[in-house]
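Read-outs: derived from the displayed coordinates by stated rules, not from any lab. These figures come from a predicted structure and were not determined experimentally. Backbone-built Cβ (ideal geometry, glycine too); neighbour counts: all protein chains shown.
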Amino acid sequence: MSSSISDVQLIVDGKRLDGRTENELRPIRMEVGVIPEADGSAFIEWGGNKIICGVYGPRECVPKHDASPYHAVVKCRYMMSPFASLDEHSKSGPSRRSVELSKVIREVFENLIKTEAFPNTQIDIFIDVLQAEGGTRTASITVAALALANAGIPMKDMVSSVAVGKGGNVLLVDLGKAEDNFGQSDMPLAISNRDKSIMLLQMDGLLTKEEIVQILEMATGACDVLHEKQSAALLKFYEEGEQDDLNL
Amino acid sequence: MDKKIILPGAKISDGRLNIPNTYSDGTATYAAVIGTMDGAGHYLPLETRYRAYVGDVVIGVVVDSIHAGYRVALNLPQSGFIPTRNIKIDLQLGDFVLCKIRSVSEVGDVDLGEVRRLPRGKLIKFPSAKVPRLIGRKSSMLMLLKTYAGGDLMVGNNGYVWLSDKSNIPLLLKAISHIERKAHKSGLTDEIANLLKEETGLDLPVPQGETYE
């Protein structure tokens, strides 16, 4: 991504490439409890993204020298499947990108989980991107929050995440793949629900001070919408008892 | 009673309360795990990790045998320990045991006593937060399940449930998964009784009033 104006037209007749308005999110569907063997799990379809997340723990910390007698160690593994998108992610195994994403996602949850309740243990968050279409880190954080709630791991707050960026000189909520690749800038944010604290903030490209203020406002609004969807998914699972049969 | 499901971070009280699975920021108290809140403001977790307390009756699997005793998997991060000097029976790897927690150390090491080996059967995992519903008031649910399944079953505080080989295991699994799904609803025992009657086509008398040990 660069700040230079590319020749891709991102806004046509006041609408974005997929027909959305500036403030509109892609269609989102979330599901909880999709992996009965895991302690907690969730699945999200966010536009063209399909991401599955499983949470295990708190369990014995391996290797032992990672463990801390003061708090649980949060471990996060973000991985993109070799078939997740057509071009650049065609190799399996860790890459510079997946290591970075694992780290930023881990830091979000290190600050949310009440780790001090589980000394000498680790909590594993496994995130697998089955299909990618831009914004996988934000979708991953949103789905991992659901999986952690499903696992019954004590958390201070729920978190949801969205990227806001600039394309065609307009601020856009929830960038898609083309907007991410050819837009002017991109700012993924994760915002906790109760006290609206910023758990993740990254930036690519250039933005003015005024634009950032506006982006924070747009992201907070979008995260509220996402939180509604998260609670609807959890409520559906717990209220209506729509669970898979007991795992044997 | 009108129960509402609340998520982590939801406010429980405007004051500081010291109850499990919540936290306080100094002024108000918030939920830390997903739970239910009734009209009177009582918060009950729906999903928690099991934490060991002295006196809990737990079910475990023997996973290791060392000179001084046996290690037992208990649905906890650390395995529990049965010192050989505390027991008179010989245990084997894979045995299911029912025991009582004697002590829990600062770092979470669990010592077990009053060990009883369970006969052949099946061990399943049940959410520990929902164990009281599986037992029922005066163990009414347990008696109901035992009567219709025709065999024994044991529930540990840690969420492990042992089903005897002699009982109707498919029927029990169906009933238990139903309890797991509807654990926060009222009138559960009647619902399960109906389900069992339908499944078996029998209407059996259920003994009442036994207390769970």
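At a glance:
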read-out	value
Sorted by Cβ neighbour density within 10 Å, fewest at the top, the residues A:CYS53, A:CYS223	A:CYS223, A:CYS53
Helix-only mean residue ellipticity at 222 nm for chain B, each DSSP H run of n ≥ 4 adding -39500 (n - 2.57), per residue, nearest 500	-5500 deg cm²/dmol
Pairwise centroid distance, computed over Cα atoms, of the range B:30-50 with the range A:148-169, Å	22
Ranked list, fewest to most other Cβ atoms within 10 Å of each Cβ, for A:SER197, A:SER161, B:SER140	A:SER197, B:SER140, A:SER161
Modelled FRET efficiency - R0 35 Å, B:VAL107 with B:ARG16, Cβ distances, 0.05 increments	0.80
For the range A:1-77 versus the range B:54-112, the gap between their alpha-carbon centres in whole angstrom	39
Global geometry of the range B:57-117, whether rounded, prolate or oblate, following the gyration tensor of its Cα atoms and the 1.5 cut on a/c	rounded
Shape category assigned to the range B:145-213 from the gyration tensor of Cα positions, a/c cut at 1.5	rounded
Residue pairs, from the table B:LYS3/B:LYS182; A:LYS177/A:LYS229; A:LYS50/B:LYS4; A:LYS75/B:LYS122, whose Cα atoms sit over 24 Å apart	A:LYS50/B:LYS4; A:LYS75/B:LYS122
Shielding score for A:147-154, defined as the mean number of other chain Cβ atoms within 10 Å	6
Highest-MSF residue in chain B out of B:HIS42, B:HIS67, B:HIS178 [GNM, Cα springs under 10 Å]	B:HIS67
Within 10 Å of each Cβ in B:29-37, the average number of Cβ atoms from other chains	5
For the range A:123-134, 3J(HN,Hα) per residue [Karplus equation, 6.51 cos²θ - 1.76 cosθ + 1.60, θ = phi - 60°, Hz, x = Gly/Pro]	10, 9, 10, 10, 10, 10, 8, 8, 8, 10, 8, x
Amide H within-cut-off set for B:VAL72, under 5 Å, with H built and near neighbours excluded	B:VAL63, B:GLY80, B:PHE81, B:ILE82
Shape category assigned to the protein assembly as shown from the gyration tensor of Cα positions, a/c cut at 1.5	prolate
Neighbour-count order for A:ASP180, B:ASP64, A:ASP124, fewest beta carbons within 10 angstrom listed first	B:ASP64, A:ASP124, A:ASP180
Residue-count net charge about A:GLU45 - beta-carbon cut-off 9 Å; Lys, Arg +1, Asp, Glu -1	+1
Calculated from backbone phi, Karplus (6.51, -1.76, 1.60) coupling profile of the range B:28-45 in Hz, x at Gly/Pro	10, 10, 10, 6, 10, 10, 5, x, 10, 10, 9, x, 7, x, 8, 9, 10, x
Computed [θ] at 222 nm, deg cm²/dmol, chain A (DSSP H ≥ 4; -39,500 (n - 2.57); rounded to nearest 500)	-9000 deg cm²/dmol
Paramagnetic reach from A:GLU240 in the range B:172-209 [backbone N under 20 Å; point 7 Å along Cα→Cβ]	B:177-186
Degrees between helix A:209-239 axis and first principal axis of chain A (Cα, 0 to 90, nearest 10)	40
Backbone HN-Hα couplings from phi across the range A:138-150 [Karplus 6.51/-1.76/1.60, Hz, Gly and Pro as x]	5, 5, 5, 5, 4, 6, 5, 4, 5, 5, 5, 5, 5
